[in-house]
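Trainee: Starting off with a structure, shown below.
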Amino acid sequence: MDVKKLLTQVQNHEISLDEAEEQLKTLPYEDLGFAKLDHHRQLRSGFGEVVFCSGKADDHLVKIYQTFADKNIDVMGTRATQRQYELVKEQVPDAVYDPLSRILKVERQKKERIGCVAVCTGGTADVPVAEEAAQTAEFFGSNVMRIYDVGVAGIHRLLANVDRIWKANCVIAVAGMEGALGSVMAGLAEAPVIAVPTSVGYGANFGGVSALLSMLNSCANGISVVNIDNGYGAGYIATQINRLAVHGNTKDESHEQP
């Protein structure tokens, strides 16, 4: 909920005090019984609530999307299935689903995308995780540059894109196998690098653990690591970095410094 917009509507006599009071009753959250929708998260962190769809009961998931849609609030869900999408779409016709990233979203507000986040993959098998990262960053208002299949097995492919990568405010490096892309990218890029290990690889990669450990043990500077297959987490952090790069720290500098 945009409280400033709501108060402006009251000031301009576009809605009544009673109508505004009714809307404010759902702050800081709305209790559906089985879930408490955090409408205050946008105000606290600048990011609206995101739904983790996997494992949710069908009627619960549909009700969550209906509630957000009825209030005209954009909502994104991760790790959704085709079946969940079909159930939600019956009640929210403008719901959109991407089977590659498994993102299920409803977007009604016009967004102005800013800055640039580069999302790179070692191989095409890493693209589903990369798309989760890319579409998360886009949902939260970042411009995204996709540079896929530039792994170290053919490093000339990566070097051919260095000029593009240097334009980004943050780089997301998504790779499985031995996870070397994160280290190489951090050695080339001026911007912070977020490494995302994927569960892609042969048996000895232990479901992404080998890539995770390689990235955690990187000798390159300026690299951080999220959990295995956590494209969403990478996209979220990258957007925070991108916003700071574009807008700087807008907090009141008059506060006492530590």
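Trainee: Of the residues that sit in segment 13-25 and are farther than 21 Å from Thr67 by Cα and open to solvent by 80 Å² or more (accessible area, probe 1.4 Å), which one is modelled with the lowest pLDDT? Steps first, please.
Mentor: We begin by selecting, within segment 13-25, every residue farther than 21 Å from Thr67 by Cα; these are 13-14, 16-17.
Retained after the next criterion (residues that are open to solvent by 80 Å² or more (accessible area, probe 1.4 Å)): 13-14, 17.
Numbers: His13: 87, Glu14: 87, Leu17: 83.
Among them, the one singled out is Leu17.
Trainee: Which of the residues that make up segment 30-85 are open to solvent by 20 Å² or more (accessible area, probe 1.4 Å), part of a helix (DSSP H, G or I) and modelled with pLDDT of 65 or more?
Mentor: Asp58, Asp59, His60, Val62, Lys63, Gln66, Asp70, Gln82, Arg83, Tyr85, listed by residue number.
Trainee: Return a yes/no flag: does segment 92-101 have any residue that is over 19 Å from Asp58 (Cα atoms) and either at pLDDT 95 or above or open to solvent by 40 Å² or more (accessible area, probe 1.4 Å) (or both). Step through it out loud before you land on a result.
Mentor: So the first thing to find is which residues in segment 92-101 are over 19 Å from Asp58 (Cα atoms), and the list is 100-101.
Checking the rest, the ones that are also either at pLDDT 95 or above or open to solvent by 40 Å² or more (accessible area, probe 1.4 Å) (or both) come to 100-101.
Taking every residue of segment 92-101 in turn, at least one turns out to be over 19 Å from Asp58 (Cα atoms) and either at pLDDT 95 or above or open to solvent by 40 Å² or more (accessible area, probe 1.4 Å) (or both).
Trainee: Still on this structure: Any idea which of Val150, Val129 is at pLDDT 90 or above, open to solvent by 10 Å² or more (accessible area, probe 1.4 Å) and not in a strand (DSSP E or B)?
Mentor: On the way: Val150 fails: open to solvent by 10 Å² or more (accessible area, probe 1.4 Å).
From the options Val150, Val129, the qualifying one is Val129.
Trainee: Do you know which of the residues in segment 159-190 that are open to solvent by less than 20 Å² (accessible area, probe 1.4 Å) and more than 19 Å from Ser214 (Cα to Cα) is nearest to the chain's Cα centre (by Cα)?
Mentor: Restricting to residues being open to solvent by less than 20 Å² (accessible area, probe 1.4 Å) and more than 19 Å from Ser214 (Cα to Cα), the top hit is Cys170.
Trainee: Inside segment 227-240, can you point out the residues that are under 16 Å from Ala191 (Cβ atoms), β-branched (Val, Ile, Thr) and open to solvent by less than 50 Å² (accessible area, probe 1.4 Å)? Can you show your working first?
Mentor: If we filter segment 227-240 for residues that are under 16 Å from Ala191 (Cβ atoms), which is where we start, we get 234-235, 237-240.
If we keep only those that are β-branched (Val, Ile, Thr) as well, we get 237, 239.
The answer is Thr239, and nothing else.
Trainee: Scan Thr124, Thr136 and give me the residue that is within 30 Å of Lys105 (Cα to Cα) and open to solvent by 60 Å² or more (accessible area, probe 1.4 Å). Walk me through it before giving the result.
Mentor: Working: Thr136 fails: open to solvent by 60 Å² or more (accessible area, probe 1.4 Å).
Matching residue, one of Thr124, Thr136: Thr124.
The values are calculated or read from the model by the stated rules, or taken from the named source; none is laboratory data. Source: prediction; values computed, not measured. Virtual Cβ from ideal backbone geometry, glycine too; neighbours counted across all protein chains shown. Each accessible area value is taken on the protein alone, full model and side chains, heavy atoms only, with ligands, DNA and RNA left out. Shrake-Rupley method; radii C 1.70, N 1.55, O 1.52, S 1.80 Å.
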